[in-house]
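I have placed the structure first, in the form of structure tokens, so that the comments after it can refer back to it.
The values are calculated or read from the model by the stated rules, or taken from the named source; none is laboratory data. Keep in mind it's a predicted model, so treat the numbers as computed, not measured. Cβ placement follows ideal geometry from the backbone for every residue including glycine, while neighbour counts extend to all protein chains displayed. We work out accessible area using only protein heavy atoms, side chains counted, and drop any ligands, DNA or RNA first. Shrake-Rupley method; radii C 1.70, N 1.55, O 1.52, S 1.80 Å.
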Amino acid sequence: MQPIRVTYNQACELLSIKRNAIRELTLNDPDFPRPYKHGTTRQAPVYFDYQELVDWHNSKKEAATAQMEA
């Protein structure tokens, strides 16, 4: 069974990138899934939707494959 949500650190592990890279993606890539907070406090944990991360990764992979074939 796949998780519904993943933490910021788990998203880093899944994508094999550092926290700063995810921060840059959220700021500069409009297609990258937006994180959401579980709560209203500043210290509230931040999560990403697992399926949105998978879909984003697959779309980037398909675009790279199509570009290589062109």
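Among the protein heavy atoms of the chain, carbon and sulfur supply 53% of the accessible surface, probe 1.4 Å, non-protein parts ignored.
Accessible surface for the chain, divided over its residues, is 78 Å² per residue with a 1.4 Å probe. Within the full protein context, the accessible area of Thr41 is estimated at about 80 Å² for a probe radius of 1.4 Å.
Taking every DSSP helix (H) stretch of at least 4 residues in the chain, weighting each as -39,500 (n - 2.57) and dividing the sum by the residue count yields a mean residue ellipticity at 222 nm of -17000 deg cm²/dmol. The modelled label-to-label distance for the pair Glu62/Thr7, using points 7 Å beyond Cα in the direction of Cβ, is 3.2 nm. In nm, give the distance between the simple-model label positions of Tyr36 and Asn20, each being 7 Å from the Cα along the Cα-to-Cβ direction. Using points 7 Å along Cα→Cβ, the separation is 3.0 nm. The mean sequence separation of alpha-carbon pairs under 8 Å and at least six residues apart, normalised by the residue count of the chain, gives a relative contact order of 34 percent.
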